[in-house]
Structure formats: structure tokens, C-alpha cells
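The values are calculated or read from the model by the stated rules, or taken from the named source; none is laboratory data. The model shown is predicted, which means the values in this text are computed figures rather than measured ones. Please note: Cβ atoms are built from the backbone with ideal geometry, for glycine as well, and neighbour counts cover all protein chains shown. When the accessible area is computed, the model is the full protein with side chains, heavy atoms only, and any ligands, DNA or RNA have been set aside. Shrake-Rupley method; radii C 1.70, N 1.55, O 1.52, S 1.80 Å.
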Amino acid sequence: MRDSRLLGRAGLALLLMAAGAGARPRPTTPGDQPRSNVVLVACDSLDGRLTFFPGNQTVDLPSINFMKRHGTVFLNAYTNSPICCPSRAAMWSGLFTHVTESWNNFKGLDPGYVTWMDLMEKHGYHTQKFGKLDFTSGHHSVSNRVEAWTRDVDFLLRQEGRPMVKLTGHRKQFRVMEADWQNTDKAVNWIKEEAVNFTQPFILYLGLNLPHPYPSPYAGENFGSSTFLTSPYWLEKVNYEAIKIPKWSSLSEMHPVDYYSSYTKNCTGAFTKEEVRNIRAFYYAMCAETDAMLGEIISALRDTGLLGKTIIIFTADHGELAMEHRQFYKMSMYEGSSHVPLLVMGPGVREQQQIPNVVSLVDIYPTMLDIARIPVPQNLSGYSLIPLLREKAESEASPGGPRPSWVLSEFHGCNVNSSVYMLRTGKWKYITYSDGSSVPPQLFDLAADPDELTNIAIKFPVVVHSLDKILRSIVNYPKVSSSVQEYNKQQFISWKQSLGQNYSSVIAHLRWHQDWLKDQKKYENAIDKWL
């Protein structure tokens, strides 16, 4: 494991207390067994499909493979919102995005929110957090939040630098993302110097930034993050022959929301196959570095004799499109963006098990409470994964009733000009927008069309109607969309008023400055019309 260092960065920290209503019964557990330690490594932007065949053929991920051999991999795990803060808010609260109103990267949980980690500490666990959390309100750039607030304005502006790659260092340099490595070092030292001496169980959280793209200062002021950066050391872990060049629709054939996303992400220009292949290769290399940090944590637990007493969970806040559907980043319900890794190993977890059931990040909260033998509140959106981990995958038994056969994901932030809702159940993925009628829905058969190239919503109206009925039973999505539109407008008005006479200058120099400055009056007028 020495050569496989890893960490995890999905930003899960302190977020929710599911108030009130009774508690779900826990699965029966031998009362005299000591409670397990828990380590959660959460990274940022790792495509979950890389953890099983055929995606795992593109890059060597030895630590993830170790967890698969000695534990369980979930084949259909999803984010509840494919962007950093709202996704982590769901993970730390156990509640869907529309319940906590975590609308964008600026609007997450309240700073004092009671999370599963807070409850575990209250019930006798030692707790420690290192690295990226990012589940509370008030963070990320001004540009990021203004782009989210103004997504209903009738204009199109590029909000990112063109995605690119950058090679750094030499063939022996494995510490590229130094901030992540420093947090991994802190976690390793904590395990070896403190956790090893505890008489009570512990929960350790490590949040990694990788494999999120790096900032792109070449794009000018208020730059975004569109650079895929790695060293030759990690690039050699990638199997170039296995890299799939994604098929793209023509710009005129794209779904209108996809076109808006592609344009604002600066992806509508011409890209050669070599450019696309390199972006994907560098991204996979960044995933390999992430995997190595995870390996460091596993090695530390092994070296201290804690590995057999500790449940390890590895996941991410969302995926990365890496030029699929003519986009990079996330903010999409396509598999590259919404499908997350979820692997679990440790005491009581079945080895070499692949679980096909659909699950999502809201399931982390009740799972943590189950491990700690804390009663699970009834009002959570998620369900404990423990019954699936300890029984055969076919078992649907779960505290509080049967686990639903669907998962919900939703998105209300930047780079998408509509609220989006995704229901995944069986072979179907149903995606609907806004009020359910003003934007055409999408339906994909993932068994026949895993790359999601053919929208069959018009062909299967009965299926669309059935899935939309299920979705509306979970969330009144037209009402939620309307609430988000009102929230965006009010937030923008408050922000504009706070700037006074500086408004025109400030808004012109956000991430979209290269387009905005070509016709300032036109874009200001579009905003005035919207208001």
C-alpha cells in the first residue's frame, strides 16, 4: 500500500439535526460488540464509474481496488445535487437539497447545524476533521453566486476559461496537490499519534480537493477552475488506449439546457480529439493521485492495528464530465457528473460485494448513526446502508421501512438556466426542468444507452408520466423551482443595492468579464428587464 496514498475531499462537515419525530429502529446488532471506528474520506469530483468495470480500465487505482477486495462497492451511488456545497449539505444533514434549501455554492447549511458527527461526539465518539468541508452557507466566490442568481436572465456569457491541461514536475513527483497531501499527512499523524491510544471509538473525516480541476489564472480576473493539472508520475498510471472519446451532439441538436451549460462553461468552440483525450487522461491521473491519499489512510490504520476495527467509507461530492456531452465540471444529471463512488470496508461489511441498488449521499447520515448505535430520526431523507452492507444485495430491509427503489438529485445553481430534477430507478433516468412543461424533459434507458446519447422521452410517454408522478410524490418541484427563482431575484437585488455606484464596475469584472465588456449596456439592460 506504500505506493498508494489517498485522501478524500468531498466537503462533508457539520450540518444537520433532523429535528423531532421519533426514531427508526436500528438493525439488531450484538450489544456486547464494541462500536467500530469510522473513517470517511470524501474527495471532490470523482466519477463513480471509475470504481468498477469498464471505467476502471482507464487508470490504476490500487487503494480503491483494495477496498473492493476487502469490502463492498456500490454500483449506482448518486449525489443529491451535483455541485460542491449543496451536495455536502445533503451528506452532512441527511436531507434532500430542497428540504435544507441549499440552492447553490453560497447557500448551504447554517454554520451551527447539528450533523451526524456532532451526534456521534455526543454519544462518546472521539471526532476529528481535516481538509475540505464546504457544507455551510457564505462561501465560494462572488462571481459564482451572481452567476447562479442571474441564470434566468436572457443572456449567454462564458463564465469559465476554456478547459485545458498542464503538466508539472517530473516523473518522480507524486505530491502535486500539496494542500491535500498536507491534510492527508495530518490525518495519518492523528491516527498514529492519537487514535491508536483511544479507549473509545473515533470518527475521522478527511476532505480532499482532488480531482477537482485547478484554478485558471490565464483566464483573467475572477478566474474559474478549468485546468487539469498533474505530473508525469501520475500520467503514467493512465491507460491511454482505454480512454473513450465521447460522442457529441451537434450544437443545434443539443437539449437547450445542455447548450446553455456548454456555452457558459466555454466548451462550444472546436476541440480536437487529442485535446479531449488529454483532458480525460489528465483527469484520470488526478484521480490516481486522489487514490494514493486514500492508500495512506488505509496504511496508517493497518500499521497501527486499527484496520480490523475501523469501517472505512470512500466517496465524493459529485463526478466530473471531463468533456462528455461537450462539458467539463459537474452541474449536470448525466452519469459523469451525478454518479459518485461509494465503497465501504470494515467489521461486518461483506467482502468482494457489488451492490446494484440505487443509493445516494443522504444515506451517509443514517448509516453513521447506525454504526454508532444512535437512534435514527424518522424525518431524514436517507436510509441506512448497513442492511445492504451486511446482507445479500437483494435484501431491501431497512430501518423505518423498505428502502425506496429510486434516488433523487436536484440542481439549482450556476451554469444551468433552470432548476433540474433527476429520478433514477431501475434502468430509467428521468430528468425534468423548472415547472415540468416549459422545458422538454429527458428520459434515458441506461441499460441500452449507458452514454445517455438518445433522449427517448417522446417515444415513451407512459414511462415519463409514471416517473413524473413518482417525482411529484417526493417533491412539488414546480413550487420549488418558483421559490428558487424568487430567492435568486431577491438575493441579486440585495447584492446590487449593497454596491451602490460601484455596481456597474463590479458586475462587469466577474468571471464573465471577457464577454460582458464587449457590450456592457446590453447585459445591464437584460438584467433590468429581468428585475
Are any residues in the range 102-160 farther than 25 Å from S216 by Cβ and part of a helix (DSSP H, G or I), and if so, which ones? W116, M117, D118, L119, M120, E121, K122
For P246, all conditions in the list (1) over 19 Å from N56 (Cα atoms); (2) surrounded by 16 or more Cβ atoms within 10 Å (Cβ to Cβ) hold save one; what is the number of the exception? (1)
Could you please give the count of residues in the range 282-303 that are under 13 Å from F328 (Cα atoms) and open to solvent by less than 10 Å² (accessible area, probe 1.4 Å)? 1
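Looking at I456, is it in contact with a Phe, Trp or Tyr (Cβ under 9 Å, 6 or more places away or on another chain) and within 28 Å of R162 (Cβ to Cβ)?
no
Residues K122, K129, K68: which one is farther than 14 Å from D317 by Cα, touching a Ser or Thr at 6+ places or on another chain (Cβ under 8 Å) and basic (K, R)?
K68
Every residue, every condition in (1) over 23 Å from V153 (Cα atoms); (2) part of a loop (DSSP other than H, G, I, E, B), yes or no:
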residue	(1), (2)
S225	yes, yes
E241	yes, no
K244	yes, yes
S252	no, no
V257	no, no
T268	no, yes
R277	yes, no
F282	yes, no
Residues located in the range 484-514, provided they are among the hydroxyl-bearing types (S, T, Y) and open to solvent by less than 60 Å² (accessible area, probe 1.4 Å): Y487, Y503, S504
Checking Q354 against (1) assigned to a loop (DSSP other than H, G, I, E, B); (2) open to solvent by 30 Å² or more (accessible area, probe 1.4 Å), which test does it fail? (1)
Quick one: which of P461, P402 is farther than 20 Å from E147 by Cβ, surrounded by fewer than 16 Cβ atoms within 10 Å (Cβ to Cβ) and modelled with pLDDT under 95? P402
What are the pairs, 6+ residues apart or on separate chains, where a residue within the range 268-294 that is on the phi > 0 side of the Ramachandran plot has its Cβ under 9 Å from a residue that is part of a helix (DSSP H, G or I)? none
Is there a residue being under 22 Å from the mean Cα position of the chain (by Cα), under 26 Å from R88 (Cα atoms) and at pLDDT below 95 anywhere in the range 229-248? no
Please work out if N455 is touching a residue at least 12 places away in the same chain (Cβ under 8 Å), among the polar types (S, T, N, Q) and not in a helix (DSSP H, G or I). yes
Is it the case, given these coordinates, that K309 is open to solvent by 10 Å² or more (accessible area, probe 1.4 Å) and farther than 23 Å from S216 by Cα? yes
Within the range 46-73, work out how many residues are farther than 18 Å from E324 by Cα and aliphatic (A, V, I, L, M). 4
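A quick yes/no check of all residues on (1) under 15 Å from S409 (Cα atoms); (2) part of a loop (DSSP other than H, G, I, E, B); (3) modelled with pLDDT of 95 or more:
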{"residue": "V439", "(1), (2), (3)": "no, yes, yes"}
{"residue": "K479", "(1), (2), (3)": "no, no, yes"}
{"residue": "Q501", "(1), (2), (3)": "no, no, yes"}
{"residue": "L510", "(1), (2), (3)": "no, yes, no"}
